[in-house]
Amino acid sequence: MAQLRPKIVKLAKMVGGVAGAMNKIDENAPEYYALDAVVTDEMADVALAIGLRQPRVLEYIVEKCGKPREKVEALLAKLAETGVCKVWTDKEDCKDRYFVNIFAPGMLEMMVNNREQLEAHPEIGKAFEEYTRKRLAPMAALFPEGLAMMRVIPVESAIRDIPDTKPWEHLSYYLDKYDTFSVSDCSCRQSRRVLGQGCGHLEKDICIQMGTGAEYYIRTGRGRQVSRREVEEIIKFAEDNGLMHEMPSTDGLGESAAICNCCSCACFSMRLATFFKTPDAIRSNFSAVADAEKCVACGQCVENCPTNALKLGQRLCARQPAPVIPAHTARDHKWSEKDWNVDYRENREDVAEEGTSPCKTACPAHIAIQGYIKLAAQGNYAEALELIKKENPFPAVCGRICPHGCESECTRGDIDEPIAIDEIKKFIADRELDSSACYIPPMRYHLGNRIAVIGAGPAGLSCAYFLAIDGYRVTVFEKQEKLGGMLALGIPSFRLEKDVLNAEIDVLRKMGVEFRTGVEVGHDITLDALRREGYEAFYLAIGAQGGRRLNIEGEDAEGVLSGIDFLREVNLGHEAKLSGKVIVIGGGNVAIDVARTATREGAASTALYCLESRKEMPALDDEIAEAESDTVIFNNGWGPKQILTENGKVTGVEFKRCVSVFDQEHRFAPQYDENDTMIVEANTVLLSIGQSIQWGGLLEGSRVQLGRGNCAIADGLTLQTAEPDLFAGGDCRTGPQFAIHAIAAGKEGAISIHRFVQPGQTLTLGRDRRNYHAFDKANVTVPLLSFDNTPRQQAGHSTEKADRFADDRLTFTEEQLKKETERCLGCGAVQVDSYMCVGCGMCTTKCKFDAIRLEHTYHSAPDAYEKLPVKIAANAIRRSGKIVASSVRDRFGKG
C-alpha cells in the first residue's frame, strides 16, 4: 500500500469543509485519491497558502508560500488547469484572484470538467459520486430548509405571477445581475458516464456558469462563452426536456456562480431528496399544489417530476377511502439508512397505491387518453394530437384498427356505455390528414449515430420515429416493396386504407428516416456487413408474417392457402380471385379479415369455422358484426379433422365437434367428440389459425436465442438480446399481438438503443418502468350530477362506396365529438407529496390545463457557506425537540 502524502492529506482536510471535517482521510477517502491523482506536493503548498474560500492576489500567495514568483505563477496555472483553484480578473484593480473552493460543490465540478483529465483519471468522477454520497449521509437530515450547498431554483414562469417573491428567487435576477456567461458539460453526468452509470440524459453543453465562474471556465477551456440569449435558449431546452434548475448557494444571498440543469437520475445534489429522502435540504421556497377538478391525469407532470413527488391517482370519490397514514419524514423522526431510498433510480412509481384511470392503465402504450379527450373537448386539436404522439406516432391508423382495450375498461361503461375513445382519436388524427401541415415533433438532439431497423411494421416504424427525435440516422430495411408490415399487407383496405397509413409513414420521412424496401437482411445483406457500414445498433422487428399449419391430411392440396399469404397477395395488388365456396378456418381478427376479403374477391359464399363458441372467440365483437354484414356465415365449435381432395385439389373439409377449448386453468386444450362430424364442400380453404415468425438467415452467426413459438428471447424491459447490439420488439419477440403493443415496444426499443450507443449509459438506471394499475371501480362512487345522460355517439357508415375495398366507416362530426368528449367522467387526477416536492416548477411547464401550480410555502434564504455550521446546529436542536414529540405521538397515538 502506497504511503499517504502528508500535504495531500492536509489539503484534503481543508477542502473537505463542513462535510468532511469529521472524516478520516486515508487512501480510500475520495478527497484524497482525487487530489492525489493530479496534484503535486508543490501544487498542494500553493493551494494551502491560498486557504479555503479566500480570494487571493498573486503577491499574497508568493509571500505566503515562500516560492519564486515565476514558480508560483506556473503552479497557479497548473492548479487552475486541474480545477483545484479558480481564477478570474477583478474588475476594479484588474488583478487576478485565486480561489480554492470546498470540494463539492466547487472543486470537484471544475476537476471533472477538464475533459482530458477526467478521461485519464476516471477516479475523479468516482470521487465526485462517492464524496457527495458518503460525506452527505450524516448531514442530510440536519440541513435547515433550503440551506444545503446546492438549492433548487424554480422555473421562472412558475413563480412569475406569485406576489411577494424575492428577486433572488427568480432565475432572471441572476441573468440580469451578471454580464458574462459560459456553458459546459454537466459534471454529474460526466462522472456517471465514466462510472458506467449513465441514465440516458446527455452531458453536452447543458450547465451554465455566470460572472467569475464563467470567466474561469472560458479562460481554462472548460466551457464556451455564450450570450444571454443563448443562456435563455439552453434554459428553455432544459425545461422542454424535463431538466430542473439548481444553483450553488454557498456565496451568500443573491450570489451564485452557476445554473445547473439537472436530471434527478444523475445529479449528485438531488440525492438529498431522492436517495436520502431529505428534500428540505435543497428545496426552493415553493411547493406544487394540484387542482383535481382541472387535472386530467395525462401524466406529463408525473413523468417529469424529479423527486417522484407526483403520482397518478383517482379523482372519483372512494366508497371506502384508504386510511390516512401520517407521513414518516426526516423532519421529526430519527433518520438512518433504513429510511433512505437507495434504489431510487430503479423503483420510481408513476401511480399511487390506490390506482389511476383504467383507460390509461389498459392502453399498452399508456397514452394520456383522459388528457387528449379534454384537449379535444376544448377544441385544441393540434395539442391533442401532440399529446397522443408522445406515445403513438400512428393515431390515424390506430383509430381504425385498435382493439380499444381502453374502452373495455372505461368507468363510464359501468354506467351506460364506454367513451368512444378510438373515434375521438380518429377525429383528432384525421384533422391532420386533411391539413396541408402535419405535426413534426421537435428534435431533442442531433446525435448522428447510424441505427438499423429491420422490418417496417408498427414496431420498427415506432422505434424509428422515436430514434429520429433524438437525431439518429435511422435506416429501416424492409424485405417487401411496401412499408407498414402487417398494417400494409395483413389488414385489408376496408379496415385501413393505405393512404392513411402512408400519410403517417411520410412523417418519418420528413424527420429524416431512410427506407430501403425490397432488401431482406440475412439474404441480400448481413448484419455484419451493416456493422461494417457503421451501424451501431439494430432493432429487430420482423413481425409474425407467416401462417401456421394444421398438420392434417389434405393440407397440401391445391386450393388450400394460408390466410396471411392470401391477404398479402391481395394487398400487394396481385391476382387473388376466388370462386365457389370458401371456408375460412380460425376465430381471430385475422380470420375475420380473411373471410371479409374473400367475400370481396369473388367467393360465392364464405363460411368461417372455429373451435371456440361465439362467446369465446378471440375476434372483437365489432369485427364479427362487420363480417356478418358482409354475409360471412359463422360456425362455432367445429375443428378440422381432414381436408378432402380429389386429383390433388380441395373438395371439402371434414369437421369434428369441439366440446371444449380450454382446460380449468384456461389453457388452450381443445376436446373433441370424434363421433360428431360433418363434411362441408369447399373450392378454397383459407387457414387462419395463427401466425409464425420467419427469421430466414437474419440471425445467422449471432448469439440471439429463440424461445417458444420461435420468438426472440430478449429482456422484458430493455428488449436487448444475447447479442448486445441487437434489440428485438413487437410480434417477433412476443408472438402475435395488436399494433398498439408493437408501437409501445418500438418506443422502449428506441430508449434502449439510445442508451446503448451513448458511452457510459446503462439500459436501466433512471428508466421509467411505467407500471400502471387501475383503481378498483367497485370502490368508487360517481355522483349523478357529474355527467349527463348523452348516449354514446355513433360514427356510422357511408352509403356510397368508391369500390369494394373502400373503408365505409365515417368519422365523427365536430358536433358528435363535442358530445362524446363531454361524456368522459375524468376518473384520474395527480396527487402531490408535499414533503417530497422541492418546488422546481417543472410540473407547471408540462400541464396544459392549469391544473398544477406553485405556491409560496417556505421563507428560507441562502447564506454564506461559513455560517452553515451554526445554522445546522440550531436546526439540530429544533429537530431534536420534534423527534421527541413525534416519538411520544407514535408511541401513544396522540396528536
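The residue of the stretch 202-227 that is nearest to the chain's Cα centre (by Cα), among those that are open to solvent by less than 50 Å² (accessible area, probe 1.4 Å) and within 30 Å of Ile753 (Cα to Cα), is Leu202. Count of the stretch 568-616 residues, restricted to those that are among the acidic types (Asp, Glu), touching a residue at least 40 places away in the same chain (Cβ under 8 Å) and open to solvent by 10 Å² or more (accessible area, probe 1.4 Å), is 2. Among residues of the stretch 553-567 being under 22 Å from Gly587 (Cβ atoms) and in contact with a Gly (Cβ under 8 Å, 6 or more places away or on another chain), the one that is surrounded by the most Cβ atoms within 10 Å (Cβ to Cβ) is Gly563. When the residues of the stretch 344-370 are filtered to those that are within 18 Å of Thr411 (Cα to Cα) and charged (D, E, K, R), which remaining residue is least open to solvent (accessible area, probe 1.4 Å)? Step by step, filter the stretch 344-370, then rank; the result is Lys360. In the stretch 118-128, of all residues being of a type outside the set (A, V, I, L, M) and open to solvent by 20 Å² or more (accessible area, probe 1.4 Å), the one that is farthest from Tyr32 (Cα to Cα) corresponds to Glu119. Residues that are of a type in the set (A, V, I, L, M, F, W, C) and either open to solvent by 10 Å² or more (accessible area, probe 1.4 Å) or without any contact (Cβ under 8 Å) to a residue 40 or more places away in the chain (or both) within the stretch 271-284 comprise just one, Phe275.
Would you confirm whether or not the stretch 101-109 contains a residue that is closer than 26 Å to Leu243 by Cβ, under 30 Å from the mean Cα position of the chain (by Cα) and open to solvent by less than 10 Å² (accessible area, probe 1.4 Å)? Checking the stretch 101-109: not a single residue is closer than 26 Å to Leu243 by Cβ, under 30 Å from the mean Cα position of the chain (by Cα) and open to solvent by less than 10 Å² (accessible area, probe 1.4 Å).
Filtered by the rule that a residue be farther than 20 Å from Glu616 by Cβ and open to solvent by less than 50 Å² (accessible area, probe 1.4 Å), the stretch 632-660 gives Gln642, Ile643, Leu644, Gly648, Val650, Gly652, Val653, Glu654. Every condition in (1) closer than 21 Å to Asp251 by Cβ; (2) open to solvent by less than 30 Å² (accessible area, probe 1.4 Å) holds for Leu75 except the one numbered (1). Counting only strands (runs of 3 or more DSSP E) wholly contained in the stretch 629-688, the ones carrying 1 or more residues that are of a type in the set (D, E, K, R) occupy 638-646, 649-662, 668-681. On the stretch given as the stretch 1-49, residues that are more than 45 Å from the chain's Cα centre (by Cα), assigned to a helix (DSSP H, G or I) and charged (D, E, K, R) total 5. If you go through the stretch 691-714 and keep only what is open to solvent by 30 Å² or more (accessible area, probe 1.4 Å), over 30 Å from Leu561 (Cβ atoms) and without any contact (Cβ under 8 Å) to a residue 40 or more places away in the chain, you end up with Arg703, Gln705, Ile713.
Kindly provide the set of residues from the stretch 504-552 that are at positive phi and surrounded by fewer than 23 Cβ atoms within 10 Å (Cβ to Cβ), ordered by number. Correct list: Gly512, Gly518, Gly522, Gly534, Asn551. Remark: pairs (first residue in the stretch 754-771, within 15 Å of Gly196 (Cα to Cα); second residue open to solvent by less than 30 Å² (accessible area, probe 1.4 Å) and of a type in the set (Val, Ile, Thr); Cβ separation under 7 Å; 6+ apart in sequence or on different chains) = Arg755/Thr762; Leu763/Thr718; Thr764/Thr718. Residue under question is Asp833, and the condition is that it be in contact with a strand residue (DSSP E or B) (Cβ under 7 Å, 6 or more places away or on another chain), open to solvent by 30 Å² or more (accessible area, probe 1.4 Å) and among the acidic types (Asp, Glu); does it hold? Taking the combined requirement at face value, the residue does not satisfy it.
Among residues of the stretch 305-329 being among the aliphatic types (A, V, I, L, M) and either in contact with a Leu (Cβ under 9 Å, 6 or more places away or on another chain) or surrounded by fewer than 17 Cβ atoms within 10 Å (Cβ to Cβ) (or both), the one that is nearest to Val884 (Cα to Cα) is Ala327. Any idea how many residues of the stretch 852-864 are under 20 Å from Met247 (Cβ atoms), open to solvent by 20 Å² or more (accessible area, probe 1.4 Å) and either free of Cβ contacts under 8 Å to residues at least 24 places away in the same chain or not in a loop (DSSP other than H, G, I, E, B) (or both)? Result for the stretch 852-864: 2. Here Phe466 meets each of (1) assigned to a helix (DSSP H, G or I); (2) open to solvent by less than 10 Å² (accessible area, probe 1.4 Å) with one exception, condition (2).
Every residue, every condition in (1) free of Cβ contacts under 8 Å to residues at least 12 places away in the same chain; (2) at negative phi; (3) surrounded by 15 or more Cβ atoms within 10 Å (Cβ to Cβ), yes or no:
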{"residue": "Asp807", "(1), (2), (3)": "no, yes, yes"}
{"residue": "Glu820", "(1), (2), (3)": "no, yes, yes"}
{"residue": "Cys843", "(1), (2), (3)": "no, yes, yes"}
{"residue": "Asp850", "(1), (2), (3)": "no, no, no"}
{"residue": "Gly881", "(1), (2), (3)": "yes, yes, no"}
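All of (1) surrounded by fewer than 24 Cβ atoms within 10 Å (Cβ to Cβ); (2) on the phi < 0 side of the Ramachandran plot; (3) under 16 Å from the mean Cα position of the chain (by Cα) hold for Glu255 with one exception: (3). Residues that are open to solvent by 20 Å² or more (accessible area, probe 1.4 Å), part of a loop (DSSP other than H, G, I, E, B), within 24 Å of Thr526 (Cα to Cα) and small (Gly, Ala, Ser): does the stretch 730-743 have at least one? No, there is no match, as no residue in the stretch 730-743 is open to solvent by 20 Å² or more (accessible area, probe 1.4 Å), part of a loop (DSSP other than H, G, I, E, B), within 24 Å of Thr526 (Cα to Cα) and small (Gly, Ala, Ser). For Ser264, are the conditions met, namely being small (Gly, Ala, Ser), farther than 23 Å from Lys867 by Cα, assigned to a loop (DSSP other than H, G, I, E, B) and open to solvent by 10 Å² or more (accessible area, probe 1.4 Å)? Yes; evaluated as a whole, the condition is true for this residue. Put simply, of Ala2, Ala19 the only residue that is open to solvent by less than 30 Å² (accessible area, probe 1.4 Å), among the aliphatic types (A, V, I, L, M) and more than 22 Å from Arg219 (Cβ to Cβ) is Ala19. Please determine whether any residue of the stretch 243-261 is hydrophobic (A, V, I, L, M, F, W, C), at pLDDT 95 or above, closer than 22 Å to Arg770 by Cα and in contact with a helix residue (DSSP H, G or I) (Cβ under 6 Å, 6 or more places away or on another chain). The answer is yes; a qualifying residue exists.
Six or more apart or on different chains, Cβ under 6 Å: which pairs go from a residue in the stretch 409-426 that's under 17 Å from Phe812 (Cβ atoms) to one that's small (Gly, Ala, Ser) and not in a helix (DSSP H, G or I)? Could you list them? Here the result reads Glu423/Ala795, each pair linking the stretch 409-426 to a residue that is small (Gly, Ala, Ser) and not in a helix (DSSP H, G or I).
Of all residues in the stretch 662-682, at least one satisfies being under 24 Å from Gly490 (Cα atoms) and either at pLDDT 95 or above or surrounded by 22 or more Cβ atoms within 10 Å (Cβ to Cβ) (or both). Scanning the stretch 541-550 finds one or more residues that are part of a loop (DSSP other than H, G, I, E, B) and either free of Cβ contacts under 8 Å to residues at least 40 places away in the same chain or over 30 Å from Ala625 (Cα atoms) (or both).
The values are calculated or read from the model by the stated rules, or taken from the named source; none is laboratory data. Predicted model only: the values in this text are computed from it and were never measured. Ideal geometry is used to build each Cβ from the backbone, glycine not excepted, and the neighbour counts take in all protein chains shown. The protein model used for the area step is the full one, side chains on, heavy atoms only, and it has no ligands, DNA or RNA in it. Shrake-Rupley method; radii C 1.70, N 1.55, O 1.52, S 1.80 Å.
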